[in-house]
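Student: Following this message is one structure expressed as structure tokens.
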Amino acid sequence: MADSEQNKPAGASTGNDRNVIVHRMYIKDASFEAPNSPEVFSGNWEPKITLNIKTDHRHLEKIGANHWEVSLHVSVEAIHGEQTALLAEVEQAGIFEFSGFEGEEFNRILGAYCPSVIYPYAREAIGSLVAKGGFPQLVIQPLNFEAMFRAHQEQAAAKQA
């Protein structure tokens with residue numbers, strides 16, 4: 001193997017292959033609020049949990065022609081009785097490099113594959129914030145980003161029709 005091929009990151013393209021390389025995962029923003037503590041800690045813990053997720057992406061031309069930042073905004077609110085017990089928000093992001101993808105397939109990689117790679121990191125960050133806030137473990141269920149992406153595409157197509 002040539003020296004230049006040995007120094008490429010794992011999964012890097014050696015030609016016209018189709019590849020996705022994850023260069024970095026990081027938290028862009030995080031916040032936690034427990035506006036009604038310590039009173040909210042009394043009584044049985046039976047909150048109503050609301051989860052909101054939004055994805056975003058941007059081209060990182062200054063880093064490289066095929067580099068993109070994909071962000072996942074995850075917000076969790078727990079209402080206990082009539083009070084907001086907690087609000088935790090994380091913007092988890094990653095830098096991805098793509099080669100060999102075009103059109104709809106490229107959009108699917110940005111809109112479904114990358115968020116599914118980022119999501120476990122965001123779940124862990126939210127869970128950690130909630131635990132550090134003194135609340136019981138919060139288990140956020142896995143999500144099917146491929147199905148969510150398809151549903152979004154179908155809604156967009158229905159609006160155009």
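The values are calculated or read from the model by the stated rules, or taken from the named source; none is laboratory data. Keep in mind that what you see is a predicted model, and the values were worked out from it rather than measured. So basically every Cβ, Gly included, is an ideal-geometry build from the backbone, and we count neighbours across all protein chains shown.
Student: Within segment 118-144, restricting attention to residues that are surrounded by 17 or more Cβ atoms within 10 Å (Cβ to Cβ) and β-branched (Val, Ile, Thr), which residue is farthest from Gly64 (Cα to Cα)?
Tutor: Looking at residues that are surrounded by 17 or more Cβ atoms within 10 Å (Cβ to Cβ) and β-branched (Val, Ile, Thr), I get Val130.
Student: Right, another one. Just for segment 93-132: of the residues that are at pLDDT 95 or above and of a type in the set (Ser, Thr, Tyr), which one is farthest from His57 (Cα to Cα)?
Tutor: This residue is Ser128.
Student: Let me ask something additional. Applying the selection to segment 69-113, what residues are among the β-branched types (Val, Ile, Thr) and in a helix (DSSP H, G or I)?
Tutor: Within segment 69-113, just Ile109 meets the criteria.
Student: Considering segment 65-96 alone, what residues qualify as being of a type in the set (S, T, N, Q) and under 18 Å from Thr55 (Cα atoms)? Outline the logic, then answer.
Tutor: Step one: list which residues in segment 65-96 are of a type in the set (S, T, N, Q), which gives 66, 71, 75, 83-84, 92.
Hits for segment 65-96 are Ser71, Ser75, Gln92.
Student: Taking only pairs six or more apart or across chains, which ones have beta-carbon atoms under 6 Å, a first residue in segment 64-82 that is over 17 Å from Leu143 (Cα atoms), and a second residue that is in a strand (DSSP E or B) and among the acidic types (Asp, Glu)?
Tutor: From segment 64-82, the pairs are Asn66/Glu97; His67/Glu97.
Student: Separate question: Could you check segment 28-84 and list, in sequence order, the residues that are at pLDDT 95 or above, out of contact with any Leu (no Cβ under 9 Å at 6 or more places or on another chain) and among the charged types (D, E, K, R)?
Tutor: If the condition is that a residue be at pLDDT 95 or above, out of contact with any Leu (no Cβ under 9 Å at 6 or more places or on another chain) and among the charged types (D, E, K, R), then Lys28, Asp29, Lys48, Arg58 are the ones that fit.
Student: Enumerate the pairs (first residue in segment 137-161 and free of Cβ contacts under 8 Å to residues at least 24 places away in the same chain and at positive phi; second residue anywhere and surrounded by 11 or more Cβ atoms within 10 Å (Cβ to Cβ) and not β-branched (Val, Ile, Thr)) with beta-carbon separation below 7 Å, excluding pairs fewer than 6 apart on the same chain, so at least 6 apart or on different chains.
Tutor: none
Student: Would you pick out the residues in segment 29-68 that are surrounded by 14 or more Cβ atoms within 10 Å (Cβ to Cβ) and assigned to a loop (DSSP other than H, G, I, E, B)?
Tutor: Once the filter is applied, which keeps residues that are surrounded by 14 or more Cβ atoms within 10 Å (Cβ to Cβ) and assigned to a loop (DSSP other than H, G, I, E, B), segment 29-68 yields Ala34, Asn36, Ser37, Pro47, Leu60, Asn66.
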